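Worksheet: one structure, shown below.
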Amino acid sequence: MSTSFLTHSRNESEKLMGDVVRLLGLMLGTLWYSELSEELSSFRASMQRPESFSDTMLKEAMTNLKKMGIISIREGMRATSKDSLPDMLVALNDLPDFLKALQSDSDIRQYKRISSL
């Protein structure tokens, strides 16, 4: 499985794919889709990247990552303080390998520096 998009993104879609993987790594591998979009906007703002992306762009990035075997997506019910809502659980496959690989990722290092200020 190629992860060259993490270091050599050819287009905005690959940059978004890389940021999804980074964010999932930071969140220890899983996030609900409804949380992923919001967290991704915050992450990208911190990294001085365009915060806005369409739902279609995010779903395309996730579809590509799923085809590559990097993430899995499972429908489920996300509990809230009042009830349960249908959502999709997005999980990073091979979490230990990705966490190890992301330790040397320059964007992760920069984000950790920024967020510790």
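Readers should treat all values here as calculations from the given coordinates under stated rules, not as data from a laboratory. Predicted model only: the values in this text are computed from it and were never measured. So basically every Cβ, Gly included, is an ideal-geometry build from the backbone, and we count neighbours across all protein chains shown.
Observations on the model:
- When the stretch 21-117 is described by a simple charge dipole with +1 on each Lys and Arg Cβ and -1 on each Asp and Glu Cβ, the residue from SER34, SER52, PHE98 located farthest towards its positive end is PHE98.
- Positive minus negative residues near PHE43 (Lys, Arg vs Asp, Glu; Cβ under 13 Å): -2
- Relative contact order of the stretch 4-105: 30 percent, from C-alpha pairs under 8 Å at least 6 residues apart in sequence.
- Pairs spanning more than 23 Å between alpha-carbon atoms, out of LYS67/LYS112; LYS15/LYS59; LYS15/LYS66; LYS59/LYS112: LYS67/LYS112; LYS59/LYS112.
- Peptide packing for 46-58, 15-27 was compared via the average number of neighbouring C-beta atoms within 10 Å per residue; ordered from the highest value, the list is 15-27, 46-58.
- Rg(Cα)/(2.2 N^0.38 Å) for the chain, N = residue count: 1.03
- Amide H contacts of ILE70: none lie under 5 Å away among residues 5 or more positions distant or on a separate chain (H built 1.01 Å from N in the peptide plane; Pro and chain starts excluded).
- Neighbourhood net charge (13 Å Cβ-Cβ; Lys/Arg +1, Asp/Glu -1) for MET27: -3
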